[in-house]
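A.B. asks: Handing you a structure now.
The values are calculated or read from the model by the stated rules, or taken from the named source; none is laboratory data. None of the values given here were measured: they were computed from a predicted structure. Cβ sites come from the backbone with ideal geometry, for glycine too, and all protein chains shown count toward neighbours.
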Amino acid sequence: MTNSLATFRVGTRNSRLAQLQTRSVLDRLAAWLPGWRWEAVPMQTLGDRDRATDLRDSPPDFFTRDLDEGLRSGRLDCAIHSAKDLPDPVPEGLDWCWLPWREDARDALILPTGRNWEALPADPRIGISSARRETYCLQRFPSARLLPIRGNIEERLAQLDDGKYDLLLMAGAALLRLGLEKRISEWLPLDALETPEGQGSLAMTFRAGDPLFLRLRSLFVKSVIFVGGGAGPETLTLAGLRALRQAEVCLFDLLMDQQILAELPPTARCVDVGKRCGQHRAEQGQINALLARYARQGLRVVRLKGGDPGIFGRLAEEIETLDALHLPYRVLPGISSLQAATTGTGLLLTRRGVSRGFCVMTPRAKGGATGPINRQARAELPMVFFMGAEIVAQTARELLADGTSPETAAALVFDAGGEDERIIRQSLQEFADSDQTPSTISHSSSSPGLFIVGEVTRHGYDFSHGALQGQRVLLTCSEALQEKSAALVRDFGGRPVQRPLIRLVPDPAAEKELRQLSRYGWLVVTSPSSVRCLADLLRAMRHDLRQLPKLMVSGPGTAAAVAQELGIIPDLQPPADFGAAGVEQFASALTGTGKPILRIRSDKAGTDLTDTLKKLGLDVHDLLIYKNEFIRYPALPVFDAVFFASASAVEAFVAQWGVGALAGRTIVAIGKPTEVALQQAGLRADVLGFTATVEGALTALAAHNVNAVLREHIMERQT
């Protein structure tokens, strides 16, 4: 930090576009992380000073070198760039990430002001700045004269309008950010002209190892997911299947069934990094670098390995790379060939009266050499005991009596793979003494647990790299929102605890009114849940969606639900206020059809909006299409934060577990109505969604946690 402990100095190029981009980022950061000052520091770079060099011949750090030097010297705390300007690799001593606020990545063609395509000469002079654009222009305009062009966006447009060029080819994102989208004569599809990685995206660079910016970066990266592909497509776990279906990039091995790749989205990027004995598509260092690269780009990365990645799968090397860079990850175990070859074939490794356990090892040593498998080598393997926790001390004493060192590392794992997974690490001697001293084991003596003995227990996964730092987040939203909510929590490095408290039950009585939708000019829908219940009823009725009235919604979350469930775009949506008040502001737009308006809602929504619209002179019919039913559970799970997506969920939680159950927990409200419900229950929301959407609320929770950690860092520096 420089100048002030509450001020970050942010470097940027001094062009108008660069400063606009940087200001847009800093405004967002100020909103997400209140209490900090973000000061833009414009700087001229080598590429700004040197206007003679053709960009096709320029060095990789042409537009970043001066900002890099500012970071190294401490004059800057971070810098904002167009992502495509970053050199690859980023210079040593610096770290980076892409930011989530992106524009259209396509290139665009621009004609002079007032000119059309008919006026384009047969041999147009085209201003270009890259080899790929040169190739495209030669294919499309074979007689064109291709000329280099330099200068910022405004200067290039001025050269075009002054007659130096007949046509320009440039990034559309720059024109959009400058408010010059009307200058675009034609957008070029990506399949016609592929753009460089990072076009349309912004990037942040900072000094490698800076704890403040490593923590800040956790807001912009998603957890890398290591997926065990199983011993075949039928043994892929449900968690692994879900991860694949949400992936944006997948790095996969050869030692797995390739059919699994069919589960990836069509747009996902597949990268073959497979290895067979002595034949590597990619060296381990290259794989590690790719994982870190895609993670820094903010992409949802899946590392797909055959079998179980923790069994002879080189998982440790890849995890260590991410740990060193403080990049978050999670690991989904797989069904290995061990289970397939034994349990799957009847060659059971444990059988009462025959075998109480088994030994697993590989005869291969590091580097591909052959390693010993003799008695001594087998004796050095870690030991795993399946048992109840009440006999851990007895087992530890037997091992000590047999000559095992008292300092041997050991661990007891409870609820492995479950929501309440817990690991207790101690020396073997401490476990041996655990029934003679006050125990650190809080589970009941009959709790099942895995007792693991060996040096491997000194290692483990570090869940602190993500924005949520491994926190358990209780998700109380309806079942329809659970998958999306859980995915966001995992992206931010948290652990979702899924307990929908509300069940949405469509009201069959609404079907009669919905069969008469042609009577209405408008439908007014104010929640995603209303959209889903409406869609369920319409599908059950086999209603022709082309005959729906015009549709007004109350925010982006509801609009997204309309697109997903009904496949249409709403006709009207308030741009700012996503509650009932925002709908009221646009009431005048609802009068044009001459037909009445149908407002659909739940039993909890109330008639306030309908009553208000009626007072405005509108003919509004109110239709209750679903009811909220509480869902009850036998016990309250362990959690650190709770997400409420509706007032109904607040009511259900308080009715089931009481207000006291939220003491010491972070409370997240999706929007104002939910915040009001908390206040009425005598509670206060610690976090209010940036927008009244699942993504807005959980991103706000992540930012809240990051801000708290930044404050701790500053306080430590002050002391």
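A.B. asks: Here's a check for you: in region 189-211, which residue that is not polar (S, T, N, Q) and not in a loop (DSSP other than H, G, I, E, B) is surrounded by the fewest Cβ atoms within 10 Å (Cβ to Cβ)? Outline the logic, then answer.
C.D. replies: Residues of region 189-211 that are not polar (S, T, N, Q), as a first pass: 189-194, 196-198, 200, 202-204, 206-211.
After this cut, where a residue has to be not in a loop (DSSP other than H, G, I, E, B) as well, the list is 202-204, 206-207, 211.
On the way: LEU202: 23, ALA203: 23, MET204: 23, PHE206: 22, ARG207: 17, PRO211: 13.
The residue in question is PRO211.
A.B. asks: Given the options ALA83, ALA40, ALA79, name the one that is under 30 Å from TYR136 (Cβ atoms), at pLDDT 95 or above and surrounded by 15 or more Cβ atoms within 10 Å (Cβ to Cβ).
C.D. replies: On the way: ALA40 fails: under 30 Å from TYR136 (Cβ atoms); ALA79 fails: under 30 Å from TYR136 (Cβ atoms).
Checking each option against the conditions leaves just ALA83.
A.B. asks: With (1) under 30 Å from SER464 (Cβ atoms); (2) touching a helix residue (DSSP H, G or I) at 6+ places or on another chain (Cβ under 8 Å); (3) outside the structural domain of VAL273 (by TED's automatic domain parsing) as the list, and VAL384 as the residue in question, which single condition is left unmet?
C.D. replies: Here VAL384 clears every test but (2).
Residues checked against (1) surrounded by 12 or more Cβ atoms within 10 Å (Cβ to Cβ); (2) modelled with pLDDT under 85:
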{"residue": "GLY310", "(1), (2)": "yes, no"}
{"residue": "ILE319", "(1), (2)": "yes, no"}
{"residue": "LEU327", "(1), (2)": "yes, no"}
{"residue": "THR343", "(1), (2)": "yes, no"}
{"residue": "GLY353", "(1), (2)": "no, no"}
{"residue": "ALA365", "(1), (2)": "no, yes"}
{"residue": "ALA393", "(1), (2)": "yes, no"}
{"residue": "ALA401", "(1), (2)": "no, no"}
{"residue": "GLY418", "(1), (2)": "no, yes"}
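A.B. asks: Taking region 1-58, which residues are within 30 Å of LEU147 (Cα to Cα) and of a type in the set (Lys, Arg)?
C.D. replies: ARG13, ARG16, ARG49, ARG51, ARG56
A.B. asks: Right, here's the next one. From the set of residues in region 628-649 that are surrounded by 13 or more Cβ atoms within 10 Å (Cβ to Cβ) and free of Cβ contacts under 8 Å to residues at least 60 places away in the same chain, which is nearest to LEU468 (Cα to Cα)?
C.D. replies: For region 628-649, the residue satisfying everything is LEU636.
A.B. asks: Check off (1) in a helix (DSSP H, G or I); (2) at pLDDT 95 or above; (3) buried (at least 17 other Cβ atoms within 10 Å of the Cβ) for LEU338 and give me the number that stays unchecked.
C.D. replies: Of the numbered conditions (1) in a helix (DSSP H, G or I); (2) at pLDDT 95 or above; (3) buried (at least 17 other Cβ atoms within 10 Å of the Cβ), the odd one out for LEU338 is (2).
A.B. asks: Hey, among PRO34, PRO59, which residue is surrounded by fewer than 17 Cβ atoms within 10 Å (Cβ to Cβ), farther than 15 Å from ALA203 by Cβ, more than 28 Å from the chain's Cα centre (by Cα) and in the same structural domain as LYS84 (by TED's automatic domain parsing)?
C.D. replies: Criteria check complete, one pass: PRO59.
A.B. asks: I would also like to ask the following. Can you work out which of the residues in region 686-719 that are assigned to a helix (DSSP H, G or I) and touching a strand residue (DSSP E or B) at 6+ places or on another chain (Cβ under 7 Å) is farthest from LEU468 (Cα to Cα)?
C.D. replies: Filtering region 686-719 for residues assigned to a helix (DSSP H, G or I) gives 694-718.
Next cut, touching a strand residue (DSSP E or B) at 6+ places or on another chain (Cβ under 7 Å) only: 697-698, 700-701, 704.
Working: ALA697: 13, LEU698: 10, ALA700: 11, LEU701: 8, HIS704: 9 Å.
Checked region 686-719; the qualifying residue farthest from LEU468 (Cα to Cα) is ALA697.
A.B. asks: Between ARG532, ARG503, which is among the charged types (D, E, K, R), closer than 28 Å to PRO637 by Cβ, surrounded by fewer than 16 Cβ atoms within 10 Å (Cβ to Cβ) and touching a residue at least 12 places away in the same chain (Cβ under 8 Å)? Show your work before the answer.
C.D. replies: Values: ARG532 fails: surrounded by fewer than 16 Cβ atoms within 10 Å (Cβ to Cβ).
Result of the check over ARG532, ARG503: ARG503.
A.B. asks: Just to be sure I understand the filter: pairs with C-beta atoms under 8 Å, separated by 6 or more residues or on different chains, first member in region 220-246 and among the basic types (Lys, Arg), second member at pLDDT 95 or above and in a strand (DSSP E or B). Which pairs pass?
C.D. replies: Taking only residues 6 or more apart or on different chains, the pairs are LYS222/VAL301.
A.B. asks: Follow-up question, since we're still on this one. Please give the number of the condition ASP107 fails out of (1) buried (at least 19 other Cβ atoms within 10 Å of the Cβ); (2) at pLDDT below 95.
C.D. replies: Here ASP107 clears every test but (2).
A.B. asks: For region 51-99, name all the residues that are of a type in the set (Val, Ile, Thr) and assigned to a loop (DSSP other than H, G, I, E, B). Show your work before the answer.
C.D. replies: Applying the first criterion (of a type in the set (Val, Ile, Thr)) to region 51-99 yields 53, 64, 80, 90.
Answer for region 51-99, where residues must be of a type in the set (Val, Ile, Thr) and assigned to a loop (DSSP other than H, G, I, E, B): THR53, THR64, VAL90.
A.B. asks: If I ask for residues that are part of a loop (DSSP other than H, G, I, E, B) and within 40 Å of the chain's Cα centre (by Cα), which ones from region 136-184 would you list? Steps first, answer last, please.
C.D. replies: Kept after step one, since they are part of a loop (DSSP other than H, G, I, E, B), are these residues of region 136-184: 141-144, 149-152, 162-166, 178-180, 184.
Across region 136-184, the qualifying residues are ILE149, ARG150, GLY151, ASN152, LEU178, GLY179, LEU180, ILE184.
A.B. asks: What about ARG217, is it buried (at least 22 other Cβ atoms within 10 Å of the Cβ), out of contact with any helix residue (DSSP H, G or I) (no Cβ under 7 Å at 6 or more places or on another chain) and not hydrophobic (A, V, I, L, M, F, W, C)? Can you show your working first?
C.D. replies: On the way: buried (at least 22 other Cβ atoms within 10 Å of the Cβ): yes; out of contact with any helix residue (DSSP H, G or I) (no Cβ under 7 Å at 6 or more places or on another chain): yes; not hydrophobic (A, V, I, L, M, F, W, C): yes.
Taking the combined requirement at face value, the residue satisfies it.
A.B. asks: Looking at (1) surrounded by fewer than 22 Cβ atoms within 10 Å (Cβ to Cβ); (2) in the same structural domain as THR666 (by TED's automatic domain parsing); (3) out of contact with any strand residue (DSSP E or B) (no Cβ under 7 Å at 6 or more places or on another chain), find the lone condition where GLN516 falls short.
C.D. replies: Status for GLN516: all satisfied but (2).
A.B. asks: To continue, here is another question. Quick one: how many residues across region 367-383 are small (Gly, Ala, Ser), assigned to a loop (DSSP other than H, G, I, E, B) and surrounded by 11 or more Cβ atoms within 10 Å (Cβ to Cβ)?
C.D. replies: The first filter runs over region 367-383 and keeps only residues small (Gly, Ala, Ser), leaving 367-369, 371, 377, 379.
Next, from what is left, pick out any that are assigned to a loop (DSSP other than H, G, I, E, B): 369, 371.
Narrowing further to those that are surrounded by 11 or more Cβ atoms within 10 Å (Cβ to Cβ): 371.
Result for region 367-383: 1.
A.B. asks: Working carefully through the options VAL271, VAL302, VAL227, VAL221, find the one that is in contact with a Leu (Cβ under 7 Å, 6 or more places away or on another chain) and assigned to a loop (DSSP other than H, G, I, E, B).
C.D. replies: Values: VAL271 fails: assigned to a loop (DSSP other than H, G, I, E, B); VAL302 fails: assigned to a loop (DSSP other than H, G, I, E, B); VAL227 fails: assigned to a loop (DSSP other than H, G, I, E, B).
The conditions single out VAL221.
A.B. asks: Then there's this: Given the structure, is GLY229 farther than 30 Å from GLY70 by Cα, touching a helix residue (DSSP H, G or I) at 6+ places or on another chain (Cβ under 6 Å) and modelled with pLDDT under 95?
C.D. replies: yes
A.B. asks: Let me ask you something else. Could you check region 651-672 and list, in sequence order, the residues that are surrounded by fewer than 19 Cβ atoms within 10 Å (Cβ to Cβ) and either within 27 Å of the chain's Cα centre (by Cα) or not small (Gly, Ala, Ser) (or both)? It would help to see each step written out before you state the result.
C.D. replies: Step one: list which residues in region 651-672 are surrounded by fewer than 19 Cβ atoms within 10 Å (Cβ to Cβ), which gives 655-661, 663-665, 672.
Those that are surrounded by fewer than 19 Cβ atoms within 10 Å (Cβ to Cβ) and either within 27 Å of the chain's Cα centre (by Cα) or not small (Gly, Ala, Ser) (or both): GLN656, TRP657, VAL659, GLY664, ARG665, LYS672.
A.B. asks: Same structure, new question: If you take the residues in region 116-132 that are among the small types (Gly, Ala, Ser) and in contact with a Leu (Cβ under 7 Å, 6 or more places away or on another chain), which one is nearest to SER143 (Cα to Cα)? Even if it seems obvious, please write down each step before you answer.
C.D. replies: Filtering region 116-132 for residues among the small types (Gly, Ala, Ser) gives 119, 122, 127, 129-131.
Okay, now just the ones that are also in contact with a Leu (Cβ under 7 Å, 6 or more places away or on another chain), so 127, 129-130.
Numbers: GLY127: 14, SER129: 18, SER130: 18 Å.
Here the residue is GLY127.
A.B. asks: Separate question: For a quick check of your reading of the model, give me the residue pairs whose first member lies in region 589-603 and is within 13 Å of PRO549 (Cα to Cα) and at pLDDT 75 or above, whose second is crowded, with 16+ Cβ neighbours inside 10 Å and of a type in the set (Lys, Arg), with beta-carbon atoms closer than 9 Å and at least 6 apart or on different chains.
C.D. replies: Once the first residue is within 13 Å of PRO549 (Cα to Cα) and at pLDDT 75 or above and sits in region 589-603, its partners that are crowded, with 16+ Cβ neighbours inside 10 Å and of a type in the set (Lys, Arg) give LEU590/LYS550; THR593/LYS550.
A.B. asks: Further question: Could you go through region 87-95 and let me know if any residue there is at positive phi, surrounded by fewer than 18 Cβ atoms within 10 Å (Cβ to Cβ) and assigned by TED's automatic domain parsing to the domain that holds PRO42. Break it down stepwise before answering.
C.D. replies: The initial filter retains those residues of region 87-95 that are at positive phi, namely 93.
Checking the rest, the ones that are also surrounded by fewer than 18 Cβ atoms within 10 Å (Cβ to Cβ) come to 93.
Remaining after also requiring assigned by TED's automatic domain parsing to the domain that holds PRO42: 93.
Looking for residues that are at positive phi, surrounded by fewer than 18 Cβ atoms within 10 Å (Cβ to Cβ) and assigned by TED's automatic domain parsing to the domain that holds PRO42, one finds at least one in region 87-95, hence yes.
A.B. asks: Output the residues belonging to region 112-130 that are farther than 15 Å from GLU155 by Cα, among the small types (Gly, Ala, Ser) and assigned to a loop (DSSP other than H, G, I, E, B).
C.D. replies: Scanning region 112-130 gives GLY114, ALA122, SER130.
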